[in-house]
Amino acid sequence: MLRRSLPQVLCLGLILVLAANLLLVFHTKETVQNLIRDGLHKETHRPPSERDETMMNRLSHLEVAVQQLKENMKLAMKQQANVGDTLMRVEDEIHLAPKAVQGNVVKTNKPQPPKKLFSTSALFRQWGEGLAEAEQRKAQDLFQRFGYNVYLSNQLPLNRSIPDTRDSRCLQKTYPAQLPSLSVILIFVDEALSVIQRAITSVINRTPPQVLKEIILVDDFSSNGELKVPLDEKIEFYNKMYPGLLKIIRHAKRKGLAHARNTGWEAARADVVVILDAHVEVNVGWAEPILARIQEDRTVIISPVFDNICFDTFKLLKYELAVDGFNWELWCRYDPVPQTWIALDDVTAPVRSPSIMGILAANRLFLGEIGALDDGMLVYGGENVELSLRVWQCGGKIEVLPCSRVGHLERHHKPYALDLSLSLKRNALRVAETWMDEYKYMVYLAWNLPLQNSGIDYGDISSKRVLRENLKCKTFDWYLKNVYPALKPILNIVGYGRMKNSLDKGVCLDRGPVPGNTPIMYACHEFSSQNVYYLLTGEFYVGPLVAEVLRDDLCLTDPGHREKPTLEKCSNAAQNKLHIYWDFKQGGAVINRDTQRCLEIRREPSGAYGLVLQTCMAQVWEIQYTFGAWGQTNAL
Ligand SMILES: *[C@@H]1O[C@H](CO)[C@@H](O)[C@H](O)[C@H]1NC(C)=O
Ligand SMILES: [Mn+2]
């Protein structure tokens, strides 16, 4: 009855909830890393290009879809005041429905396995077979609150064994008998208690006791009651066995990741600090390579190799070796290990890395000398790139140590921030303005922001400028040439942003469905599938800016015969003499230099505008921002 009377809007609502979940997945840095790393896992030592690109594009289209759903939902909400209320009941009915059916089933001798209540939940995709319904509810509830399988974590032994994922040659390595002492810092916000305890247990069990000076917990203002008195009791319990080993520092308000890491660093007393998330399990022999390397060279900042603790099954998934990099949005990702390292033919040798992911080990005093972490980085994102640029430009180096392995729980979703893109964007501009000199424009271009009056307050960077001066840090140009040559600035972009035809300013040139290479006109939105870059040399790049040596941007192409334009990888297209060069001036026609055909739009039978290549009908285009040599002003 209820179901029959359900307005369509409720189905839409449910779809929205699912879509929002999906979006959340893609929005978490860790999941994106996971997907990209998955690509690396299958194609070691090759750039994760195709997958990465497809994934990113899929992401932007998903974002669009969700945006539209949200709009529809808002409309629907206005029409249906008690929608939220009814939504709850729909869910209940769906949960209850299978029971009613079961009542009618003919009795068999075999007991029926419990029904899956949350068949669309990521938690139950590979886990939860045979779990009773009440337990499923409990597990799903915990999963939504924490972003991983707390129900399972609470049952697994705290001292469980995990597979040793090191290369066998690591086992033959020997380390000095005298190693520096170690402070381990574990940062958390509303982490499950059992997960924190498992991290602590792994550190105690797998670190040589003579070097482990202390474990410092930093709570960045959790609200979870389990992390108050119950956690204090656990700490007391550990300290009875290992006097003075554990300390806890609690922030009285939320300070963000970078600040929490600094809090831990300030409290530390050992020679070396390792700053970890609290959702890790360190693996056997993880500490010795780190301590030996820092003893050798106090200016090296180290990242261990991460393996993935799956958020649903808690199984350890081995990841192949990669280095830590980032794109022009300063969004971190994994890059292939350099050829120079492969040529060494020593799988235990340190790998030079352009960046860190966040987890790091350092000489405690050296980390202080270069300014520790930037407290001005808010919430999450970009703080790892900031530190990385500072380390490299100011006299340090970054290495990944293949024999040091840490299992890291990659959350399905982050419980503490819905839209990370705001803090990512802000933090990226902060890094750009502090460290990237004349190349900072690439960050603005990648985020599709005007160079002046971006409307984003990236905070005070004067102390960073002073630090840079005092440490006599090198330029970003030096960094690009010597540390991260794979990141390729594009020097001759003269126009960027949304590309609109004067016939209809509501639609924008868009990268089109992925997979596929057919650009379209689509309702304008804020996501990167509608980024367009026009180069002085005549190319139009369409879609998220790539600008890397190993991976191409997509160039708008006239295929020569058909009516529809295509997108082709730029360097391939140039080699094959495809028609990728266009004449264009702001407010003018877009004319292919080879074919003389114009890029224009035409109404399709559906009523929507489609792209066509045809004899010029005097249609004109405008691109959102002009830049450098081409235009006089920045904003239109
Ligand atoms: C975990 O601790 C229990 C109880 O102290 C012990 O019996 C068990 O062997 C330990 N397991 C591992 C893998 O160390
Ligand atoms: Mn983490």
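For every residue, the table says whether it meets (1) open to solvent by less than 10 Å² (accessible area, probe 1.4 Å); (2) within 17 Å of the chain's Cα centre (by Cα); (3) at negative phi.
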{"site": "335", "(1), (2), (3)": "no, yes, yes"}
{"site": "340", "(1), (2), (3)": "no, no, yes"}
{"site": "344", "(1), (2), (3)": "no, no, yes"}
{"site": "347", "(1), (2), (3)": "no, no, yes"}
{"site": "371", "(1), (2), (3)": "no, no, no"}
{"site": "377", "(1), (2), (3)": "yes, yes, yes"}
{"site": "382", "(1), (2), (3)": "yes, yes, no"}
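Given the criteria more than 16 Å from ligand 2 (Cβ to nearest atom) and within 28 Å of the chain's Cα centre (by Cα), does residue 149 qualify?
On the way: more than 16 Å from ligand 2 (Cβ to nearest atom): no; within 28 Å of the chain's Cα centre (by Cα): yes.
For residue 149, the condition - more than 16 Å from ligand 2 (Cβ to nearest atom) and within 28 Å of the chain's Cα centre (by Cα) - is not met.
Which of the residues spanning segment 567-580 are crowded, with 20+ Cβ neighbours inside 10 Å and over 29 Å from the mean Cα position of the chain (by Cα)?
Passing the criteria: 573, 579, 580.
Is it true that some residue in segment 483-492 is open to solvent by 50 Å² or more (accessible area, probe 1.4 Å) and free of Cβ contacts under 8 Å to residues at least 24 places away in the same chain?
There is at least one residue in segment 483-492 that is open to solvent by 50 Å² or more (accessible area, probe 1.4 Å) and free of Cβ contacts under 8 Å to residues at least 24 places away in the same chain.
Hey, could you check segment 493-514 for residues that are free of Cβ contacts under 8 Å to residues at least 40 places away in the same chain and open to solvent by 10 Å² or more (accessible area, probe 1.4 Å) and say which is farthest from the chain's Cα centre (by Cα)?
Filtering first and then ranking leaves 505.
Among the residues of segment 248-259, how many are open to solvent by less than 30 Å² (accessible area, probe 1.4 Å) and either at pLDDT below 95 or acidic (Asp, Glu) (or both)?
Looking only at segment 248-259, we keep the residues that are open to solvent by less than 30 Å² (accessible area, probe 1.4 Å), and these are 251, 256, 258.
Restricting the remaining residues to those that are either at pLDDT below 95 or acidic (Asp, Glu) (or both) gives 256, 258.
Adding up the residues that qualify gives 2.
Inspect segment 169-177 for any residue being more than 16 Å from ligand 2 (Cβ to nearest atom), open to solvent by 10 Å² or more (accessible area, probe 1.4 Å), under 15 Å from residue 310 (Cβ atoms) and basic (Lys, Arg) and give the result as yes or no.
There is no residue in segment 169-177 that is more than 16 Å from ligand 2 (Cβ to nearest atom), open to solvent by 10 Å² or more (accessible area, probe 1.4 Å), under 15 Å from residue 310 (Cβ atoms) and basic (Lys, Arg).
Taking the options 284, 305, 351, 274, name whichever one is within 16 Å of ligand 1 (Cβ to nearest atom) and either among the β-branched types (Val, Ile, Thr) or modelled with pLDDT under 95 (or both). Working first, answer last.
Values: 305 fails: within 16 Å of ligand 1 (Cβ to nearest atom); 351 fails: within 16 Å of ligand 1 (Cβ to nearest atom); 274 fails: within 16 Å of ligand 1 (Cβ to nearest atom).
When all the criteria are applied, what remains is 284.
Determine the pairs where a residue that is closer than 10 Å to residue 407 by Cα and free of Cβ contacts under 8 Å to residues at least 60 places away in the same chain, located within segment 156-167, has a partner that is open to solvent by 70 Å² or more (accessible area, probe 1.4 Å) and within 10 Å of ligand 1 (Cβ to nearest atom) with Cβ atoms under 8 Å apart, the partner being 6 or more residues away or on another chain.
Cβ pairs passing all conditions: none.
Among the residues of segment 472-511, write down those that are in a loop (DSSP other than H, G, I, E, B) and closer than 24 Å to residue 549 by Cα.
Restricting attention to segment 472-511, the residues satisfying the condition of being in a loop (DSSP other than H, G, I, E, B) are 472-475, 483-486, 488-492, 502-503, 505-506, 511.
474, 475, 483, 484, 485, 486, 488, 489, 490, 491, 492, 511, listed by residue number.
Kindly check whether there is at least one residue in segment 394-409 that is surrounded by 15 or more Cβ atoms within 10 Å (Cβ to Cβ) and within 16 Å of ligand 1 (Cβ to nearest atom). Spell out how you get there, then give the answer.
Initially, segment 394-409 is screened for residues surrounded by 15 or more Cβ atoms within 10 Å (Cβ to Cβ), giving 394-409.
Now restrict to residues that are within 16 Å of ligand 1 (Cβ to nearest atom): 407.
Yes, the conditions are met somewhere in segment 394-409.
Hey, among 542, 549, which residue is closer than 24 Å to residue 491 by Cα, modelled with pLDDT of 95 or more and β-branched (Val, Ile, Thr)?
Details: 549 fails: modelled with pLDDT of 95 or more.
When all the criteria are applied, what remains is 542.
Of the residues 440, 425, which single one is more than 30 Å from residue 618 (Cβ to Cβ), crowded, with 18+ Cβ neighbours inside 10 Å and modelled with pLDDT under 95?
Working: 440 fails: modelled with pLDDT under 95.
Within the list 440, 425, the selection yields 425.
Of the residues that make up segment 120-132, is at least one open to solvent by 60 Å² or more (accessible area, probe 1.4 Å), of a type in the set (Lys, Arg) and away from ligand 2 (no atom under 16 Å from the Cβ)?
So the first thing to find is which residues in segment 120-132 are open to solvent by 60 Å² or more (accessible area, probe 1.4 Å), and the list is 120, 125-126, 129.
After this cut, where a residue has to be of a type in the set (Lys, Arg) as well, the list is 125.
From the residues that got through so far, the ones that are away from ligand 2 (no atom under 16 Å from the Cβ) too are 125.
Checked against the condition, which is being open to solvent by 60 Å² or more (accessible area, probe 1.4 Å), of a type in the set (Lys, Arg) and away from ligand 2 (no atom under 16 Å from the Cβ), segment 120-132 yields at least one hit.
Considering only segment 546-563, I want to know if a residue exists there that is open to solvent by less than 30 Å² (accessible area, probe 1.4 Å), within 19 Å of residue 520 (Cα to Cα), of a type in the set (Gly, Ala, Ser) and under 29 Å from the mean Cα position of the chain (by Cα).
no
Pairs under 8 Å by beta carbon, first residue among the charged types (D, E, K, R) and more than 16 Å from ligand 1 (Cβ to nearest atom) in segment 358-371, partner open to solvent by 10 Å² or more (accessible area, probe 1.4 Å) and not in a loop (DSSP other than H, G, I, E, B), six or more apart or different chains?
Listed pairs, sorted by first residue: 364/265.
So for segment 113-131 (the condition being assigned to a helix (DSSP H, G or I), polar (S, T, N, Q), away from ligand 1 (no atom under 16 Å from the Cβ) and more than 29 Å from residue 234 (Cα to Cα)), does at least one residue qualify?
From segment 113-131, those assigned to a helix (DSSP H, G or I) are 122-124; that's our starting set.
So of that shortlist, the ones also polar (S, T, N, Q) come out as none.
No.
I want to confirm something. Restricting to segment 213-232 and keeping residues that are open to solvent by 20 Å² or more (accessible area, probe 1.4 Å) and more than 21 Å from residue 153 (Cα to Cα), which single residue is farthest from ligand 2 (Cβ to nearest atom)?
The extreme case among them is 213.
Among the residues of segment 178-207, how many are open to solvent by 70 Å² or more (accessible area, probe 1.4 Å) and within 16 Å of ligand 1 (Cβ to nearest atom)? Step through it out loud before you land on a result.
First pass over segment 178-207, keeping only residues open to solvent by 70 Å² or more (accessible area, probe 1.4 Å): 178, 205.
The next check asks that each one be within 16 Å of ligand 1 (Cβ to nearest atom); those that pass are 205.
Residues meeting the conditions: 1.
Which fully enclosed strands (runs of 3 or more DSSP E) of segment 303-381 have 3 or more residues being under 23 Å from residue 268 (Cβ atoms)? Give the steps one after another, and end with the answer.
Working: elements: 323-326, 332-335, 360-363.
Because the criterion is at least 3 residues that are under 23 Å from residue 268 (Cβ atoms), the strands (runs of 3 or more DSSP E) in segment 303-381 that meet it are 360-363.
Could you check segment 268-293 and list, in sequence order, the residues that are over 29 Å from the mean Cα position of the chain (by Cα) and either of a type in the set (Lys, Arg) or open to solvent by 10 Å² or more (accessible area, probe 1.4 Å) (or both)?
Those that are over 29 Å from the mean Cα position of the chain (by Cα) and either of a type in the set (Lys, Arg) or open to solvent by 10 Å² or more (accessible area, probe 1.4 Å) (or both): 269, 271, 288, 292.
From (1) closer than 23 Å to residue 628 by Cα; (2) not in a strand (DSSP E or B), pick out the condition that doesn't hold for residue 533.
It is condition (2) that residue 533 fails.
Is there a residue being over 24 Å from the mean Cα position of the chain (by Cα), assigned to a helix (DSSP H, G or I) and in contact (Cβ under 8 Å) with a residue 40 or more places away in the chain anywhere in segment 438-459?
Filtering segment 438-459 down to residues over 24 Å from the mean Cα position of the chain (by Cα) leaves 438, 451-453.
Still in the running and assigned to a helix (DSSP H, G or I): 438.
The next check asks that each one be in contact (Cβ under 8 Å) with a residue 40 or more places away in the chain; those that pass are none.
The answer is no, given that none of the residues of segment 438-459 is over 24 Å from the mean Cα position of the chain (by Cα), assigned to a helix (DSSP H, G or I) and in contact (Cβ under 8 Å) with a residue 40 or more places away in the chain.
All but one of (1) under 30 Å from residue 178 (Cα atoms); (2) in contact with a helix residue (DSSP H, G or I) (Cβ under 7 Å, 6 or more places away or on another chain); (3) of a type in the set (Gly, Ala, Ser) hold for residue 199; state the number of the condition that does not hold.
All conditions pass for residue 199, except number (2).
In segment 156-168, what residues are surrounded by 12 or more Cβ atoms within 10 Å (Cβ to Cβ) and either away from ligand 1 (no atom under 16 Å from the Cβ) or more than 26 Å from residue 310 (Cα to Cα) (or both)?
165, 166, 167
The values are calculated or read from the model by the stated rules, or taken from the named source; none is laboratory data. Remember, it's a predicted structure, so these values are computed and weren't measured experimentally. Methodologically, a virtual Cβ is constructed for each residue, glycine included, from the backbone with ideal geometry; neighbour enumeration extends over all protein chains shown. Just the protein is used for accessible areas: all its heavy atoms, side chains included, with ligands, DNA and RNA removed. Shrake-Rupley method; radii C 1.70, N 1.55, O 1.52, S 1.80 Å.
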